[in-house]
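The values are calculated or read from the model by the stated rules, or taken from the named source; none is laboratory data. Everything quoted here is computed from the prediction, not taken from an experiment. FYI the Cβ positions are ideal-geometry reconstructions off the backbone, even for glycines, and counts take in every protein chain you see. Keep in mind that these areas ignore ligands, DNA and RNA; they rest on the heavy atoms of the full protein, side chains included. Shrake-Rupley method; radii C 1.70, N 1.55, O 1.52, S 1.80 Å.
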Amino acid sequence: MPQAPPQVQYMVIELGGRRANDISESGQIVGSILAPELFRAAFWASSQSAPIDLGTLPGLRSTALAINPRREIVGYAPSEDLSVELPLFWASPSSAPVELPGLPAGFLSEVYDINPSGKIVGQFFNADFSVDRAVLWPSSNAAPVYLPQLSENLPLSGAANINASGNILGDSCAADLVECHATFWASSSSTPVALASPGREFIYTDYVLPGHAINGAGKMVGLARNADFSAERAVFWASSSSPAVILSTVGEFTNAVAAAISDNGQIVGIGYNEDFSKSRPFLWRNATSQGIDLTTFFPAGSNWDLDTLFATAVNNRGEIVGSGLFTDGTVHNFVLIPVHGH
């Protein structure tokens, strides 16, 4: 299907970092940079700013996954061999990171999102993933709350995103981590709901990390996959009771996942070719529009390896962040700024 000419052009800015994981409504960005020895969480005040090293805990790396309007930031601190992963919170870009409370002894934790009022979601898990539980911190200094489980047959869970209303998107998985279902909690104490799969061979659903996959209205995005993981489709749910809508792609990029949705309904994610050897950042202006391969906006002859790129977040101004490789194999991050009137 031919790609419709885009109505908006984009300016591509390389941020001087390793990963870009979230962009706020005012254009502030969090992710990671490559420090002298280890990768470290980073903050950009704008797309034109140099990165600020957010620091980490002694002996650990760090990455920042989300920022809220109060400029509170969350992420996690892994050791080089991933035997340790600690949940992190920064009260501001100028604050030192602190470990969130309540991690059980011997467990690891990753934190993925913080909402405007400071509620934080993530997961606790042990080294062999025989225990994996979705958790919410009501605030940065409050004890974590375990989210109710979907069923005994799906004992593993994670909480990926939380909106301003406290609605949570995550997943629930079987012990073998093959069967997973995207899961919605209206609040931290609500009975979880498995989101619909789109049917045909696409029987399992999940979220994408990093991503920001539930918006203020409770609309959600993610992925659906078949039983042997050989095919994936980007999907949209208008609500927790709505059917899954498969998002369209273009060209050879028949596989796709949706990572984020803004409050005005723009969706970003990744398109893959049939064998997943190529990835492209994709934009859907809404859930029924044709997908746009965003590499069409990268300048010809640039340093980017266009078949390694992905998009992770989009704000209500239409600014998009993502990451990928240069042709020399080094990891870099980018922001796409809409340029109107062309």
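A 1.4 Å probe run over segment 1-153, with the rest of the protein chains in place, finds 45 Å² accessible per residue. The length gained by stretching the chain between PHE129 and GLU80 to full extension, at 0.36 nm per residue less their Cα-Cα distance, is 15.8 nm. Averaged per residue, segment 202-342 has 35 square angstrom of accessible surface, using a 1.4 angstrom probe with ligands and nucleic acids left out.
Carbon-plus-sulfur accessible fraction, the chain (probe radius 1.4 Å, protein heavy atoms only): 53%.
Placing unit charges on the Cβ atoms only, positive for Lys and Arg and negative for Asp and Glu, gives segment 97-247 a dipole magnitude near 520 debye about its Cα centre.
Using +1 at the C-beta of Lys and Arg and -1 at the C-beta of Asp and Glu, which of LEU247, THR312, ALA287 has the Cα lying farthest in the positive direction of the dipole of segment 226-342? With unit charges placed on the Cβ atoms, the residue in question is ALA287. If R0 is taken as 35 Å, the Cβ-Cβ distance between GLU179 and VAL98 corresponds to a FRET efficiency of 0.45. Separation of segment 58-128 from segment 197-216 is 23 Å, based on Cα centroids.
Segment ASP228..SER187, full-extension length gain: 11.5 nm, with 0.36 nm per residue of separation and the alpha-carbon distance subtracted.
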